[in-house]
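The values are calculated or read from the model by the stated rules, or taken from the named source; none is laboratory data. What you are looking at is a predicted structure, and each value in this text was computed from that prediction instead of being measured. We place every Cβ from the backbone using ideal geometry, glycine too, and count neighbours over all the protein chains shown.
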Amino acid sequence: MDTATPDGRTRVFLSYSRKDSDFVHWLAAELTGRGCVADFDQSTADPSNVDTGISAEDAWWARLEEMITLADVVVFVVSPDSARSPICDEEIAFAQNLGKRIIPVLCRPIDFATAPPRLSALNIKISFVDSDNTADHLARLHSAIQLDVTWLRTGARLLSAARRWDASGRLDDGLPRGSEQSDAEDWAARRPTSAPEHSDLVLDFLAAGRSAEARRRTIGEIEKARYLELVGLMRVFLEEELKVRESIPLSDHYGVALEQQTEIALLRGLLHLENTWHPEPAVHVESTGAVQGYSLVFQFPCCGRTVRDFHTGRDDSPSQFRPGGCTPVPDEIQYEYQAPVNPFHSALIARYREATRQNPGCSWR
């Protein structure tokens, strides 16, 4: 879920004691007027409580967790009552575990000597106890909230994705891929010194994505190496087969001649002589009769081109490597032929050439 509001405003969660409701409603209105979305349990900004607040249908604590997760920053309204509140303590603990940035503001004086450890560890620099400087305090709070909001918003999105990944059993399907992973790594490396350390969940999420990307790269490299090795082994045989097929005169029968031409095109495609292919598998569209050689007609969805095939079934797509393919084969996968130096390999080629020279009918079909 994207944590950014549709109009790009900063989302602020307010943690407070109900004894300070009047102050919180005032503070929420002031932050809203400065372009923020102030979210707290009693918010009336959204009457249906879809975007902010808690509706009558919500599971109370689950909704609070969601509100904190979606927030760009958490503002903790400090007072004697919030300092003693177990709910506020749980909210702050949850926010800290998520790596959220927490800005404490003093609403009413408290005895810091008796404050709970979680509260005493916070650095309270903004106080609304002195009503004469309210405008200055609001300006300082707004500046603190807006600090590197883009970085914070990206972090909130990543955290939300990490929680979904964790809730679904940490499957690879929920991990970022490609540019998403690299963008996430860049975000993690740009952590401001004033921001909290990344949560263990986010670090696990990034590490799992990194490992999955490495596995995909390794699999891709293995598949490419295996493919190129196979091409190197088979190329000379396919070249000899192509020479044989091209040396045979075309039949006077239209269907047989079409089959001959199709097989030559297939060999040229397998050899990548034009270095083109169709990126989408073909689908069967019709079958022909005896006059046209009992062929199957397939169409490539990527470009609409139709081809005939004489050996596959209607559920088996013909080769996507064909002359006249609609897409060039990437340079990285194009094969550069080198003559084999393996004596056994060379002997096999020599025997194959001799066999096809003496009896063209023995060529592969």
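Quick look at the numbers
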quantity: Criterion: at pLDDT 70 or above, surrounded by 15 or more Cβ atoms within 10 Å (Cβ to Cβ) and in contact with a helix residue (DSSP H, G or I) (Cβ under 7 Å, 6 or more places away or on another chain) - qualifying residue of S251, S363, S319; calculated: S319
quantity: Sole residue being out of contact with any Ser or Thr (no Cβ under 7 Å at 6 or more places or on another chain), aliphatic (A, V, I, L, M) and either under 14 Å from R308 (Cα atoms) or surrounded by 13 or more Cβ atoms within 10 Å (Cβ to Cβ) (or both), chosen from L238, L266; calculated: L238
quantity: Residues satisfying the stated conditions in segment 122-180, i.e. free of Cβ contacts under 8 Å to residues at least 12 places away in the same chain and over 37 Å from the mean Cα position of the chain (by Cα); calculated: D130, S131, D132, N133, T134, A135, D136, A139
quantity: Looking only at segment 232-264, and only at residues there that are assigned to a helix (DSSP H, G or I) and small (G, A, S), the one that is nearest to L296 (Cα to Cα); calculated: G255
quantity: Test for I68: is it over 26 Å from I110 (Cβ atoms) and either part of a loop (DSSP other than H, G, I, E, B) or of a type outside the set (S, T, Y) (or both); calculated: no
quantity: Any chance A45 is among the small types (G, A, S) and buried (at least 16 other Cβ atoms within 10 Å of the Cβ); calculated: no
quantity: Residue ID - farthest from A208 (Cα to Cα), chosen from residues in segment 125-182 that are in a helix (DSSP H, G or I), polar (S, T, N, Q) and in contact with a helix residue (DSSP H, G or I) (Cβ under 7 Å, 6 or more places away or on another chain); calculated: T154
